[in-house]
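A.B. asks: I have a structure I would like to understand better, so I am pasting it below and will then ask my questions one at a time.
The values are calculated or read from the model by the stated rules, or taken from the named source; none is laboratory data. The structure displayed is predicted, hence computed values, not measured ones. Cβ placement follows ideal geometry from the backbone for every residue including glycine, while neighbour counts extend to all protein chains displayed.
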């Protein structure tokens, strides 16, 4: 009678479940840090611009140019928006790996 051997699994640092958990934590941390800064910078732009349409135009102008040309609140808005987007991508990667059940 042949014995059935278990399929070897790797549970090291490159385990997909460990990577998924790490990516979810890092993504959530980036979002938790960058999103309030982005909202605060937009409120600051709105207060300095005087109206909501002018603030929206200022925010769009800040995001449409290169990172090196923005100054002050525009630069802070740009960087925090990029941080929020990066956090969303990393969180999405973690959720995707978590849902694959590898």
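A.B. asks: From the list 17, 60, 34, which residue is modelled with pLDDT of 85 or more, surrounded by 13 or more Cβ atoms within 10 Å (Cβ to Cβ) and part of a helix (DSSP H, G or I)?
C.D. replies: 34
A.B. asks: Restricting to region 70-101, and then to whatever is surrounded by 11 or more Cβ atoms within 10 Å (Cβ to Cβ) and not in a helix (DSSP H, G or I), can you tell me which residue is modelled with the lowest pLDDT?
C.D. replies: 70
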